[in-house]
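For reference, the structure is listed below as structure tokens.
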Amino acid sequence: MRNLLFPPTSRYCNTETTRLNTVDGEEVIHLKRRFIAAPEHFSLLQEHLVTEGDRLDNITALYLGDPLQFWRICDANGAMFPAELTAEIGRRLRITLPEGIPEIPHVAG
């Protein structure tokens with residue numbers, strides 16, 4: 001069953017749901033597990049060098065225009081815990097296209 005409960009910008013938008021019947025006959029709908037592609041499967045747009053005081057929501061707003069899209073940077077960098085991405089000064093964060101969207105080749109003209 002396709003999930004229509006989340007907006008298109010949600011990390012759960014394309015996550016399927018399933019139904020579970022409890023022993024007392026109640027039906028519970030829940031999300032199936034969300035699998036994330038390996039970071040190398042995301043098309044790189046650019047990198048961000050983490051500096052003192054960086055916050056992931058601000059980085060996301062800067063590059064993606066929406067601080068709530070922080071999960072895209074987490075996915076692109078293989079991070080389970082968002083805070084780990086800005087904990088190390090000098091770390092390079094991959095800013096990518098969403099999963100499944102290929103890079104558009106640059107045509108010299």
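FYI, it's all coordinate maths here, none of it is from the lab. These figures come from a predicted structure and were not determined experimentally. Cβ: placed from backbone, ideal geometry, glycine included. Neighbour counts: every protein chain shown.
Summary table
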| quantity | calculated |
| --- | --- |
| Contour minus Cα-Cα distance for E40 and V28 (0.36 nm per residue) | 0.7 nm |
| Options [x] 15.0, 48; [y] 14.2, 41; [z] 17.3, 67 - which one matches Rg and Dmax of the Cα atoms in Å as calculated here | [z] |
| Cα centre as origin, Lys/Arg/Asp/Glu Cβ charges: the chain dipole, Debye | 180 debye |
| Cβ-based net charge around I89, under 10 Å, with every Lys or Arg adding one and every Asp or Glu removing one | -2 |
| Value of relative contact order over the chain, rounded to a whole percent, pairs C-alpha under 8 Å and six or more apart | 26 percent |
| Net length gained if the chain between C13 and A87 were fully extended (0.36 nm per residue, minus Cα distance) | 23.8 nm |
| Ranked list, fewest to most other Cβ atoms within 10 Å of each Cβ, for H30, H48 | H30, H48 |
| Taking F6, F35, F42 and counting other C-beta atoms within 10 Å, the order from fewest to most | F35, F6, F42 |
